[in-house]
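Coordinate-derived values only; no laboratory data. These numbers were taken from a predicted model, which means no experiment stands behind them. Every residue, glycine as well, gets a Cβ built from its backbone with ideal geometry; the counts of neighbours run over all protein chains shown.
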Ligand code: PCA
């Protein structure tokens with residue numbers, strides 16, 4: 001059977017839980033759309049997380065990679081269009097704060113997602129789940145992981161769908177923060193299953 005590497009992230013910054021972590025764990029081992037799901041949780045560490053993703057790709061040799069991240073404050077599911085060759089942003093979970101350096105010295109400025117991002121948005125909307133393409137994944141760890149995956153496959157001329165989907169906060173996370181738009185964890189998981197069905 002084909003394999004899909006599905007990654008989530010550990011909690012970070014002001015977010016004590018990360019709903020992407022729960023999705024990766026819940027879908028791990030399931031079969032969706034002919035893919036066996038390999039759910040893994042990544043650290044939030046500029047010096048390590050990209051390597052972690054590459055190690056997982058080399059270990060599992062997946063036919064597709066979807067990485068998930070929390071975008072606290074967004075109100076819809078947003079497949080990302082582009083990853084940029086830049087690390088910038090607040091401190092990671094080790095306290096390291098990057099200052100606009102390149103992710104890869106010899107890499108291109110950016111990569112477009114190779115996931116079917118239009119189909120994903122259409123499919124979610126058909127299911128009455130709000131979704132839009134996002135034109136920026138930021139320059140924090142989510143962008144970093146998306147860039148690493150796309151760079152890995154491009155360098156090796158491997159034609160495998162790879163990219164990133166940002167999701168809103170879960171209700172559980174919003175309990176302590178009145179300003180966060182939130183979804184039920186069940187709907188977040190349903191949205192990612194539908195995205196996988198688009199592959
Ligand atoms: N979201 C962050 C990093 C970890 C996560 O879940 C981001 O958007 O970069």
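Quick notes on this one:
- Antiparallel bridge percentage (DSSP; both residues within segment 28-117; nearest 5): 90 percent
- Value of [θ]222 nm, deg cm²/dmol, for the chain, DSSP H segments ≥ 4, -39500 (n - 2.57) each, nearest 500: -9500 deg cm²/dmol
- Fully extended contour minus Cα-Cα distance, from residue 186 to residue 128, at 0.36 nm per residue: 19.5 nm
- Going from the fewest other Cβ atoms within 10 Å to the most, the residues 88, 31, 128 appear in the order 128, 31, 88.
- For segment 114-199: rounded, prolate or oblate by the Cα gyration tensor [a/c cutoff 1.5]: oblate
- Fraction of beta bridges assigned by DSSP in the chain that are antiparallel (%, nearest 5): 30 percent
- 15, 164, 112 arranged by Cβ crowding within 10 Å, fewest neighbours leading: 112, 15, 164
- Taking the fewest neighbouring Cβ atoms within 10 Å as the starting point, the ordered list for 147, 96, 35, 152 is 96, 152, 35, 147.
- Cα gyration tensor, segment 20-102 - rounded (a/c under 1.5), prolate or oblate: prolate
- Between residue 104 and residue 61, full extension at 0.36 nm per residue minus the direct alpha carbon distance yields a gain of 13.3 nm.
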